Amino acid sequence: MLIGMIRAFALACVFAFSLSSVSASVLQSNLNDWAFNIDGEVSEFFAGDLLPGSGDLDSETGMGVLGFEFDSAGTHSLTAFLDFDFASNRNTFFNEYGATNNGEPASGQTWQIDEPGFVFGSIYDNVLAGALNNANTVPESAPEDVSFALAWDFELLSGESALLSLFTSELAPQDSFYLSHTDPQMGSAFDESQSIYFWGDLDITGAPVSVPEPSSLLLLMAGLALLTLVRRRAGELLS
C-alpha cells in the first residue's frame, strides 16, 4: 500500500529539495531522530526500524518530502515525530525554540513542539500514544532542545483513497499551517538565525460508493417484487 522505495537509514525520511546552490553556512542541520505511528503501528529510528513511507532527502540537512498512501475504507491516523539538530558543536542545542505559523491546523490535524523527552518533554510518549497535545513548551521566551510532531486523523469512505505528504524545508510554505524550529545563532558570526519548517498535506480523492438509504432500498425491493408478480401473471395468462 505504501508507494516507492523504503530506506533504512534515519535521514531517509524526506524527498530532497534543491539545495545544490545552498552553502554549508546557510543551513547546517541533521535529522537526529524520528518516529511514526501509523494506524497504531509504530516505527522508531532508535529501535532499528525501517523508515515507513516513500521519498528521499538531502543527506546533509534532512530536507525533503515523505509520502504515505491509504486506500482502505475506515478511520486512519498518522503521527510523525522529527528531531532535528543544528550544528550543536558550534553553539549547543539548548538555545533553540519552536513556533506555530500560518493560523490554525486543518480539521483533524494536531501538533506538538517540545523537548524530545530526554529531560522533561512528553512529545515522544504522545507520539507513541497517537495523542499530541497542541502545545509548545519551547517558545522563544524559553529556549531549549527542540523537536516537533504533526498528526492527522481522517476517515475514508468506500472508493476513496488518500495521499498524506510531509515536508521539511529551509523555506516556509505560503498557504499551509506549519511548525518551525529555529536556532537564533547559526550565522557566520553567531548572530543570524536559521530555521527548519515542517508541514503536511492530506489529499483525499475518489468518489465514495453510494449506499441506498433504507427507505430507497425498501422502495426498490417493492418495485422488484411488483415486477416479478406482473411477469408471473402475464405468464399464466399466456399459458
Exercise. Being out of contact with any Cys (no Cβ under 7 Å at 6 or more places or on another chain), in a loop (DSSP other than H, G, I, E, B) and of a type in the set (Val, Ile, Thr), is that true of even one residue in the stretch 94-117?
Worked result: no
Exercise. Given Leu128, Leu163, which one is surrounded by fewer than 18 Cβ atoms within 10 Å (Cβ to Cβ), touching an Asp or Glu at 6+ places or on another chain (Cβ under 9 Å) and assigned to a helix (DSSP H, G or I)?
Worked result: Leu128
For this session: Return the total of residues in the stretch 131-160 being in a strand (DSSP E or B), over 15 Å from the mean Cα position of the chain (by Cα) and not charged (D, E, K, R).
Result: 2
Exercise. Only one residue in Ala189, Ala142 is farther than 30 Å from Ala73 by Cα and at pLDDT below 95. Which one?
Worked result: Ala189
Exercise. Can you name the condition, by its number, that Asn134 falls short on among (1) touching a Gly at 6+ places or on another chain (Cβ under 9 Å); (2) under 30 Å from Ala73 (Cα atoms); (3) of a type in the set (S, T, N, Q)?
Worked result: (1)
Exercise. What number of residues within the stretch 166-184 are surrounded by 17 or more Cβ atoms within 10 Å (Cβ to Cβ) and either out of contact with any Leu (no Cβ under 6 Å at 6 or more places or on another chain) or not in a strand (DSSP E or B) (or both)?
Worked result: 12
For this session: Please work out if Glu140 is in contact with a strand residue (DSSP E or B) (Cβ under 7 Å, 6 or more places away or on another chain), crowded, with 22+ Cβ neighbours inside 10 Å, under 24 Å from Met186 (Cβ atoms) and among the acidic types (Asp, Glu).
Result: no
Seminar exercise, completed: Across (1) of a type outside the set (A, V, I, L, M); (2) farther than 16 Å from Trp152 by Cα; (3) surrounded by 18 or more Cβ atoms within 10 Å (Cβ to Cβ), Gly103 clears everything bar (3)
Exercise. Which residues, counting only those in the stretch 36-83, are without any contact (Cβ under 8 Å) to a residue 24 or more places away in the chain and either part of a loop (DSSP other than H, G, I, E, B) or not assigned by TED's automatic domain parsing to the domain that holds Asn134 (or both)?
Worked result: Phe46, Ala47, Gly48, Asp49
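The values are calculated or read from the model by the stated rules, or taken from the named source; none is laboratory data. A quick note: this is a predicted structure, and the numbers were derived from the prediction, not measured. Here the Cβ is made from the backbone with ideal geometry for all residues, glycine too, and neighbour counts use every protein chain on show.
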